[in-house]
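Shown next, in structure tokens, is the structure this report addresses.
Readers should treat all values here as calculations from the given coordinates under stated rules, not as data from a laboratory. Since we're looking at a predicted model, the values are computed, not measured. Cβ placement follows ideal geometry from the backbone for every residue including glycine, while neighbour counts extend to all protein chains displayed.
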Protein chains: 2
Amino acid sequence: MARPKPISGFPEFLPSGRLVENRVLDILRQTFELHGYAPIETRAVEPLDQLSRKGEITKEVYVVRRLHEAEEGSGKGSAEDSLGLHFDLTVPFARYVLENAGHLQFPFRRYQIQKVWRGERPQEGRYREFTQADIDIVGRETLPDHCDVEAPLVMLAAFERIHHELGLPPVQIHVNNRKLAEGFYRGLGISDTLAVLQRVDKYDKVGPEAVTGMLVDELGLSGEQAKQCVSLAGICTADSSFADQVRQLGVRHPMLDEGIEALQAVIDAANQVAPGRVVADLKIARGLDYYTGTVYETMLVGYEKMGSVSSGGRYDALASDGKTTYPGVGISLGVTRLVAPFILKGKLSATRVTPSVVVIAVDSEETRHQAEAVASALRARRIPCEVSPDAAKFGKQIKYADRRGIPFVWFGGITGQIKDIRSGEQVDANANQWEPPVADIKVGVIADL
Amino acid sequence: MARPKPISGFPEFLPSGRLVENRVLDILRQTFELHGYAPIETRAVEPLDQLSRKGEITKEVYVVRRLHEAEEGSGKGSAEDSLGLHFDLTVPFARYVLENAGHLQFPFRRYQIQKVWRGERPQEGRYREFTQADIDIVGRETLPDHCDVEAPLVMLAAFERIHHELGLPPVQIHVNNRKLAEGFYRGLGISDTLAVLQRVDKYDKVGPEAVTGMLVDELGLSGEQAKQCVSLAGICTADSSFADQVRQLGVRHPMLDEGIEALQAVIDAANQVAPGRVVADLKIARGLDYYTGTVYETMLVGYEKMGSVSSGGRYDALASDGKTTYPGVGISLGVTRLVAPFILKGKLSATRVTPSVVVIAVDSEETRHQAEAVASALRARRIPCEVSPDAAKFGKQIKYADRRGIPFVWFGGITGQIKDIRSGEQVDANANQWEPPVADIKVGVIADL
């Protein structure tokens with residue numbers, strides 16, 4: 001077999017990169033669990049007709065078929081039997097809620113960390129296979145408004161740890177409320193509010209003048225209407241003062257008031273917990289998605305060009321079986337999108353390429369069992385280690401550790417000596433008592449951004 | 001949307017089941033890392049021509065195609081561009097080793113825990129999507145024999161924790177060596193040794209007489225040859241005494257001696273660490289797989305009908321690029337295969353359906369921020385908790401906790417009271433100091449086998 005080549009859009013990491021990614025995943029999972037979110041995992045496939053409902057996304061879906069079946073041609077399998085790989089974790093979660101509603105306790109908090117697949121054209125920061133980490137709170141018929149405050153704060157807590165412990169940049173979560181925008185547009189006498197939202201969604205890419213042009217040319221808004229919509233989109237504040245700025249635009253509508261109040265609640269609560277990290281940003285639209293209230297996007301400070309690394313919002317009907325409606329609010333974090341650009345460029349790496357903290361040196365194959373006994377003693381106290389693969393000269397065994405970034409080498413039996421190969425210091429030690437420095441137990445992350 | 005139905009062969013768990021599965025996955029990961037295995041993850045897809053090399057497995061592969069592409073028909077994509085979902089983690093790992101050989105340190109220990117997909121007919125214990133946990137040690141050109149001892153002992157260490165901490169049955173690892181069998185067959189003057197192995201592989205299913213019949217009828221062996229092969233397959237010992245039993249059969253061949261010696265080394269080393277858990281079982285063949293030395297299968301004691309839950313062996317050429325050969329030894333544990341039958345029948349469940357240990361009661365929506373402060377204080381000390389979704393009567397809030405199996409309810413602010421709803425005991429507590437019993441912090445597993 002010739003040397004295989006990577007497949008574009010399907011990123012893979014060397015062990016060092018995977019060790020970094022695992023630190024991120026551990027922080028996410030710990031944070032979600034600390035906040036009472038229960039883990040679930042859904043199958044990778046959904047019926048194709050369920051995946052195709054969302055308009056534009058259809059063409060990005062991967063169809064899955066047994067090779068045997070594919071060779072037989074499409075004669076046998078009907079469309080409703082066809083399966084596709086899920087392209088997000090929201091569609092599968094909505095299906096899971098309906099399927100298992102009788103066995104779940106509502107409000108139901110769940111997190112889900114899984115691969116998703118999209119057949120998009122691969123490009124920087126866009127992958128065909130990537131990991132998402134989602135949290136959602138879903139209610140039966142009703143869901144309290146304070147859930148809209150909770151969801152971004154849980155994600156923020158995870159981002160704060162990722163920033164402080166792993167050295168990634170801090171984030172800023174940008175929040176808006178669909179009701180605020182929709183109420184404002186209605187107050188201006190505009191009926192096709194979704195069409196306006198879709199143009200405003202392009203604000204960051206094309207700028208305010210171009211959006212104004214689209215609103216006039218494509219939607220037939222008056223110059224004054226368009227100007228007002230773009231003015232609204234330009235409002236961005238770190239506190240509740242956005243409300244005054246909106247009211248100064250002179251538009252009135254009950255839904256606008258409702259939206260302002262809901263957004264204020266989120267911003268005020270967030271400012272108490274993490275001042276400056278959550279801002280009201282009235283241009284956040286989240287395009288085609290079916291959000292009905294609060295919407296979120298998250299930028300890495302200094303890396304805004306990467307786009308949003310964590311987005312979500314409120315659905316008044318995350319799922320519905322016709323009789324019962326399940327409102328939900330949630331946020332999805334793009335794990336691959338967040339870490340892959342840094343890992344693949346070598347800007348995030350691990351301090352070693354293995355979990356091992358210690359290599360146990362071997363004198364001779366006849367005494368390998370003594371080295372194994374040392375390893376067992378260390379592992380019994382949760383110290384990751386490995387025994388040298390051969391009884392080479394000690395210099396070579398030290399090199400074995402060094403090449404992997406493993407900081408310690410053990411010589412002798414249970415009563416032996418431990419060498420820190422970084423300092424060269426070598427001291428007597430007992431394998432039933434010796435502990436490495438706490439900072440060495442977990443693999444560290446080196447951020448060189 | 002009507003209530004969706006499960007898809008046969010794609011098991012999913014309720015949160016309780018997923019919490020159990022996560023405990024198993026945590027034990028596996030911790031054990032692998034304690035032994036110095038580095039984590040990697042490979043993409044879900046491989047080029048179809050790479051997946052089709054393994055003879056019989058071809059028909060079980062799932063082909064993956066972009067919906068857009070699929071609708072255009074097969075005119076465009078050529079066979080070598082086609083992608084399939086991986087059906088195990090060995091083929092992707094071999095490809096990963098070749099692709100990244102220049103960046104890896106050999107011998108390379110890695111673990112990999114991922115979903116795999118097989119288009120087999122779904123039946124009890126067989127799934128179309130399932131999770132595997134693999135460990136492998138791979139060398140460049142050479143790999144020491146003691147790795148054949150290490151691999152099953154690492155997996156055994158994980159199984160022992162799963163048994164003791166979660167209450168699953170203990171395991172017995174059955175070990176054989178391909179060289180022993182092949183040397184024995186050659187000593188009998190048989191040349192097509194693989195054909196014999198494939199028949200012996202059916203020993204457990206059809207019994208010794210039927211195997212003897214197949215060897216005579218299908219392969220043209222003499223009655224004496226067939227009898228000897230079946231006698232060899234019947235040898236199973238908990239210690240090295242299998243060697244004497246083999247030698248009493250009177251067959252001589254250098255490869256046989258080599259195989260006996262290698263198997264003795266594994267059994268002797270395993271007996272020092274975990275007496276009785278590893279046995280020499282000379283009927284273990286591992287059918288069509290390309291193993292060249294030690295082979296392993298693992299049975300849950302008392303549940304042998306489930307078949308092997310963890311199998312593997314030694315490959316003299318796990319991977320090769322024509323210039324360099326990479327020998328490897330590894331074992332794969334079928335996580336879904338191990339836990340799904342118990343979870344889906346309710347025989348393994350979690351003590352609660354959420355990570356939360358505490359529900360913080362809410363007096364009124366006006367004082368929700370006080371409850372949030374209590375939650376923050378508990379989370380700062382790694383105690384998972386959640387704030388009550390509403391300010392209902394305390395009885396209802398206690399019921400909220402009870403229905404989820406959450407053991408504690410907090411009343412008041414930072415200086416408040418904690419109620420253990422199992423005992424009914426309620427005492428004064430400070431949220432900056434109170435700790436739940438250690439046994440309550442992690443979600444427990446209830447095994448009712």
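Data overview
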quantity	calculated
Alpha carbon convex hull of the range A:260-307, projected area averaged over orientations, nm²	4.0
Alpha-carbon Rg/Rh ratio, for the range B:337-389, with Rh computed the Kirkwood way	1.23
Pairs of alpha carbons in the range A:191-234 whose separation is greater than 15 Å (percent)	25
Chain B, dipole about Cα centre (Lys/Arg Cβ +1, Asp/Glu Cβ -1), debye to the nearest 20	1060
Kirkwood Rh, angstrom, the range A:91-175 [1 / mean 1/r, Cα pairs]	15.5
Label distances, nm, A:Leu344 versus same residue in remaining copies, Cβ-directed 7 Å point	3.7
³J(HN,Hα) computed for each position of the range B:376-388 - Karplus, 6.51 cos²θ - 1.76 cosθ + 1.60, integer Hz, glycine/proline x	4, 5, 5, 5, 4, 10, 6, 9, x, 7, 9, 8, 3
Calculated label separations, B:Tyr290, copies of the chain, 7 Å along the beta-carbon direction, nm	4.8
Beta carbon of chain B nearest to the axis of the rotation taking B to A, residue and angstrom distance	B:Val64, 3
Reach of B:Lys442 by Cα under 20 Å, taken over lysines that are not fewer than 8 positions away in the same chain	B:Lys347, B:Lys419
10 Å Cβ neighbours from other chains, averaged over peptide A:355-367	2
Trypsin sites (Lys or Arg not before Pro) within the range A:391-435, DSSP loop, no more than 11 other Cβ atoms inside 10 Å	A:Lys393, A:Arg422
Where labels lie 7 Å past Cα in the beta-carbon direction, separation of A:Lys393 and A:Thr325 in nm	7.8
Dipole magnitude (debye, nearest 20) for the range B:323-449, charges at Cβ of Lys, Arg, Asp, Glu	800
Charge dipole magnitude, Cβ of K and R +1, D and E -1 - the protein assembly as shown, Cα centre, debye nearest 20	140
Span per principal axis, largest first, for the Cα atoms of the protein assembly as shown (Å)	101, 67, 53
Exceeding the 29 Å Cα-Cα cut-off - candidates B:Lys179/B:Lys323; A:Lys115/B:Lys305; A:Lys396/B:Lys115; A:Lys115/B:Lys5	A:Lys115/B:Lys305; A:Lys396/B:Lys115
Overall dimensions of the range A:387-443 as given by Cα atoms, namely Rg and Dmax in Å	11.3, 30
Rg to Rh quotient for chain B, alpha carbon positions, Kirkwood Rh	1.07
Residues A:Met155, A:Met299 arranged by fewest to most Cβ contacts within 10 Å	A:Met299, A:Met155
Acute angle (nearest 10 degrees) that the helix B:394-404 long axis makes with the longest principal axis of chain B, alpha-carbon atoms	0
C-alpha long axis of helix A:15-34 to longest principal axis of chain A, angle in °	60
Rule-of-thumb Rg ratio for the range A:165-204 [Cα; 2.2 N^0.38 Å; N residues]	1.72
Cut-off under 5 Å, modelled amide H: who pairs with B:Arg66 long-range	A:Val63
Proxy reagent accessibility, fewest Cβ within 10 Å first, across B:Glu386, B:Glu435, B:Glu258	B:Glu435, B:Glu258, B:Glu386
Values of log10 I(q)/I(0), in the order q = 0.21 Å⁻¹, for the range B:147-241 under a Debye, Cα-only, solvent-free model	-1.00
Taking N as its residue count, the alpha carbon Rg of the range B:215-261 over 2.2 N^0.38 Å	1.25
At 7 Å out from Cα toward Cβ: A:Val427 inter-copy label distances (nm, ascending)	3.9
Convex hull projection area averaged over all views, the range B:297-449, Cα basis, nm²	14.5
Normalised contact order of chain A, rounded percent, pairs of Cα under 8 Å and 6 or more residues apart	16
Residue order, fewest to most surrounding Cβ atoms within 10 angstrom, among B:Thr294, B:Thr336, A:Thr131	B:Thr336, A:Thr131, B:Thr294
Mean Cα-pair separation over length for the range B:186-314, i.e. relative contact order, pairs under 8 Å, 6 or more apart, %	24
Degrees, to the nearest 10: B:90-100 long Cα axis against longest axis of chain B	90
Residues of type aspartates and glutamates that A:Lys393 reaches as a straight line, Cα spacing below 16 Å, ignoring anything fewer than 8 places off in the same chain	A:Asp363, A:Glu365, A:Glu366, A:Asp402
Cα-based convex hull volume of the range B:195-300 per residue, rounded to whole Å³	107
Average Cα contact separation per residue, the range A:277-393, under 8 Å, 6 or more apart, as relative contact order %	15
FRET efficiency for B:Thr415 and A:Gln248, using Cβ-Cβ distance with R0 set to 45 Å, rounded to 0.05	0.50
Under the Karplus curve 6.51 cos²θ - 1.76 cosθ + 1.60, θ = phi - 60°, whole-Hz ³J(HN,Hα) for the range A:129-146, x wherever Gly or Pro sits	10, 7, 9, 10, 10, 10, 10, 9, 10, 10, x, 9, 6, 10, 8, x, 5, 5
